[in-house]
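Bear in mind that the values in this text are calculations on the coordinates, not laboratory data. Values in this document were obtained by computation on a predicted structure and should not be read as measured data. Every residue, glycine among them, receives a Cβ derived from its backbone with ideal geometry; neighbour counts consider all protein chains shown.
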Amino acid sequence: MQGYGESSYGDGFADVYDDWYHDVSDVDSTVALLTSLVAPDRMRDGRYLELGIGTGRIALPLAETGARVTGIDASRAMIERLRAKDPSGKVSVIVGDMLRGLPDASFDVVFVAYNTLFALRSYERQHELFAEVSKRLAPGGSFVVEAFVPDVGRPAGGNVGVRTMAADRVVLMADNHDPESQTVDGQFIEFTDGAAVRLRPFSIRYSTTTELDRMATDAGLSLAERWEDTRRTPFRQDSVTHVSVYRQASVSRAT
């Protein structure tokens, strides 16, 4: 998408993210899953890194458990929202690209929630991220990826639909899908009576679970667990979402 950069999504959605997406996944089960991945004797103070931390939807509740949480996001607008909710600074925050700006530190769990991995808009950048994460995992550490399973039957081309509608406001979503490049570019278009039209762009490059597993293998990681969601619902052939846990190949317990 012309003019779209690493911070475009966050800058466009920061003011509505908590309202629109507070319930996109179960926060309590996500926090429970993440904390369960740390050894029992370290569960209360494990070190976590969230890629694309946004406004802290997952990071802040995770930090409330006593975990040491660091997050990175390219959007200053998103980070400002997080900091306003976290005046005591329980979560350490880095403003930067989640591939190029990763801290030089070791973590028990690195996680990327709700399709955020796909914000890296090429196979090469996603592939490189796995390698960079692998370098930062503590012994026995886990890399957790939450994402949708691509619909192989979705046709190429554009689509327009209604997200919300009220007497004085309507939000439309328009997107264009290119199955060859595995990309979706789109806009949420917000019309409010008496106000200027607001555009909120998004652009992703999606990967299949097979591609993600290959990226992990190339980075010295292997699949340890895969569920449909953070409640650990068994993953099936027709599942439309997945939560995948990768570890160093020598300590992985494939299922």
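Other residues within the sphere of radius under 13 Å centred on the Cβ of ASP11, judged by their own Cβ, net out at 0 (K and R +1, D and E -1). Highest mean packing comes first when the peptides 127-134, 93-100 are listed by Cβ atoms within 10 Å, giving 127-134, 93-100.
On alpha carbon coordinates alone, what is the Rg over Rh value for the stretch 140-255, Rh being the Kirkwood radius? Before the final figure, lay out the partial values.
Details: Rg = 18.6 Å, Rh = 16.7 Å.
Ratio of gyration radius to Kirkwood radius: 1.12.
Over the stretch 157-204, all Cα pairs binned in 10 Å intervals from 0 give whole-percent P(r) values of 27, 46, 21, 6, 0, listed from short to long. Three principal axis extents describe the C-alpha atoms of the stretch 1-103; from largest down they are 49, 29, 27 Å.
When each of the peptides 51-64, 187-200 is scored by the mean number of other C-beta atoms lying within 10 Å of its residues, the order from highest to lowest reads 51-64, 187-200. Taking the alpha carbon gyration tensor of the stretch 101-208, multiplying each eigenvalue by 5 and rooting it gives semi-axes of 34, 18, 11 Å, largest first. Of the three principal axes defined by the Cα atoms of the stretch 55-162, the extents in descending order read 47, 36, 24 Å. A simple spin-label model places pseudo-atoms 7 Å from Cα toward Cβ; at SER36 and ALA196 they are separated by 4.8 nm.
Residue ranges 22-30, 118-126 sort as 118-126, 22-30 when ordered by packing (mean number of other C-beta atoms within 10 Å per residue, highest first). Adding -39500 (n - 2.57) for every DSSP H run of four residues or longer, then dividing by how many residues the chain holds, sets the calculated 222 nm ellipticity at -6500 deg cm²/dmol.
Suppose every K and R has +1 on its Cβ and every D and E has -1 on its Cβ; what is the size of the dipole of the chain about the Cα centre, in Debye to the nearest 20? Mind dumping the intermediate values first?
Working: 28 positive and 37 negative charges, 121 e Å.
Value, rounded to 20: 580 debye.
Distance between the modelled labels on ALA105 and ARG236, one decimal in nanometres: 4.1 nm (7 Å Cα→Cβ projection).
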